[in-house]
Amino acid sequence: MLLHIVADQPDRISTLRMLLGSQCCVSSSLLRKENNVPKNCDAAIVSVCLRDADNITALKELATKFKGAKRKIFILDQKARLSAAQAYALGATHVLFNPVTGRSLLSLLAERNPVEPADDAACQGARGAASAGAASLALMFSAVLKGQPVDVADARTAAFRISDCVAEEGLSDWLVTVRRHHEGTYQHCLLVTGTAVAFGLHLGLTEVDMERLYSAAMFHDIGKAKIPLAVLDKPGRLEPGERALIETHPAAGHAILKGTRGISAEILHAVRHHHEYLDGSGYPDALCADSISDLVRILTIADIFAALIEFRQYRPAMPRAQAYDILCNMHGKLEAPLVKAFKEVALNR
Ligand SMILES: [Fe+2]
Ligand SMILES: [Fe+2]
């Protein structure tokens, strides 16, 4: 495996070389001083301070050189949402936070090293759509954190590309590609969008409703930009206070998007209510069946399914059949005929 390290300080390079040991073939370059990125490297490891604007400019210039790398692992000093969003906007496929251990780095490289059919057009298509989607989500999250307006058109374009990809290649390719190449909130939003598209197509939704559905899916968790990563990505059980904090994200998302040009009332409703259940046990407004739109009912099923089948560093992805069984057992919370219709999407599509 050929790895290339890009860092802004020589000691960062030597630390990473030490962590990687002799198991990999490693080259390196110092950002803003050297530009020698080898062609066809399997992974690029970037250890750079992203609070320095000059570093970001230099990385943007360098990004084309490691475009072909299957892994672009960014190692950041602070577990902060803005830096992570910045890394994803720069093309990161994975973000790790210091202190990084050799074991975590090597296991990430080994466990998730895909046997890539490099000339497989379908996979390239899904990878391209997934990268564009992740970059768009990262921009969206960065904008929220900086208090800037969200680029609605960019997110829609990315969602349309995902829709096209899932319609062409099916859901399975999409799920495999996204779980291999992305993680965290961006992985989740990409999985929800692809699943919602496959579900909408299976239900025979009109073009207008499909557009509403995939846009709502892209935006649905934008409120998570306000939740610290330490809480959002915490492995294991959450404390009641942490759970309460996470449950603020639908109302936060609604507040972020309200009044934004290009965001319709249907999308706003979906962002605020995607955690509501028909029996009134959901949040934030404990809505009951009559107040929950069809769009939300469809999105909620896609959202729960995607959350169950996500790949997380600390737990394996749940098989699709097992995730579907969980949906079937959520009696009274989801619309039964829709859950039934979802079977084909969950298991076969
Ligand atoms: Fe959510
Ligand atoms: Fe979600």
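The values are calculated or read from the model by the stated rules, or taken from the named source; none is laboratory data. Just so it is clear, the structure is predicted and the values come from calculations on it, not from any experiment. FYI the Cβ positions are ideal-geometry reconstructions off the backbone, even for glycines, and counts take in every protein chain you see. Just the protein is used for accessible areas: all its heavy atoms, side chains included, with ligands, DNA and RNA removed. Shrake-Rupley method; radii C 1.70, N 1.55, O 1.52, S 1.80 Å.
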Exercise. About the Cα centre of the chain, what is the dipole size in debye to 20, counting +1 per Lys and Arg Cβ and -1 per Asp and Glu Cβ, all else neutral?
Worked result: 1000 debye
Problem set entry | Orientation-averaged projected area, Cα convex hull of segment 63-219 (nm²) | 9.6 nm²
Problem set entry | P(r), alpha carbons of segment 273-349 - 10 Å bins starting at zero, rounded % | 19, 50, 27, 4
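Taking every DSSP beta bridge with both residues inside the chain, roughly what % is antiparallel (nearest 5)?
Details: 1 of 20 bridges.
In the chain, approximately 5 percent of DSSP beta bridges are antiparallel ones.
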For this session: Could you tell me the accessible area of TYR314 in Å² (1.4 Å probe, neighbours in place), rounded to the nearest ten?
Result: 100 Å²
For this session: Identify, among THR248, CYS24, ALA89, the residue whose Cα sits farthest towards the positive end of the charge dipole of the chain, taking +1 on the Cβ of Lys and Arg and -1 on the Cβ of Asp and Glu, with the dipole about the Cα centre.
Result: CYS24
Exercise. Rounded to the nearest whole Å², what accessible area per residue is found for segment 292-349 with the 1.4 Å probe?
Worked result: 47 Å²
Exercise. Using Cα pairs under 8 angstrom and six or more residues apart, how large is the relative contact order of segment 282-342, in percent?
Worked result: 28 percent
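I want the local charge near ARG212. Using Cβ-Cβ distances under 14 Å, sum +1 for each Lys or Arg and -1 for each Asp or Glu among the other residues.
Numbers: positive: ARG156, ARG297; negative: GLU207, ASP209, GLU211, GLU266, ASP294.
Around ARG212, the charge tally is -3.
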For this session: Determine the sum of side-chain charges near LYS333: Lys and Arg each +1, Asp and Glu each -1, restricted to other residues whose C-beta is under 10 angstrom from that of LYS333.
Result: -3
Exercise. Under Stokes-Einstein, with the Kirkwood radius over Cα pairs standing in for Rh, what whole-number D in µm²/s applies to the chain at 20 °C and 1.002 mPa s?
Worked result: 103 µm²/s
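For THR64, what charge total do you get from the other residues with a beta carbon under 13 Å from its beta carbon, if Lys and Arg give +1 and Asp and Glu give -1?
Working: positive: LYS39, LYS60, LYS65, LYS67, LYS72; negative: GLU61.
Surrounding charge for THR64 is +4.
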Exercise. Considering only GLY259, THR157, HIS274, whose Cα is most displaced toward the positive end of the charge dipole of segment 152-292, charges sitting on Cβ of Lys, Arg (+1) and Asp, Glu (-1)?
Worked result: GLY259
For this session: Could you point to the residue in LEU50, ALA286, ILE309 farthest towards the positive end of the chain's charge dipole, with +1 and -1 charges on the Cβ of Lys/Arg and Asp/Glu respectively?
Result: LEU50
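Could you tell me how many cubic angstrom of Cα convex hull volume segment 241-308 has per residue? List each step's numbers first, then the result.
Values: hull volume 6.4 nm³, N = 68.
For segment 241-308, the hull spanned by Cα atoms encloses 94 Å³ per residue.
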Problem set entry | Cα centroid separation - segment 87-104 against segment 189-255, whole Å | 23 Å
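Percent of accessible area on segment 1-63 owned by carbon and sulfur, 1.4 Å probe? Intermediate values should be presented prior to the final figure.
Working: 1640 of 3330 Å².
After summing per-atom areas, the C and S share lands at 49 percent.
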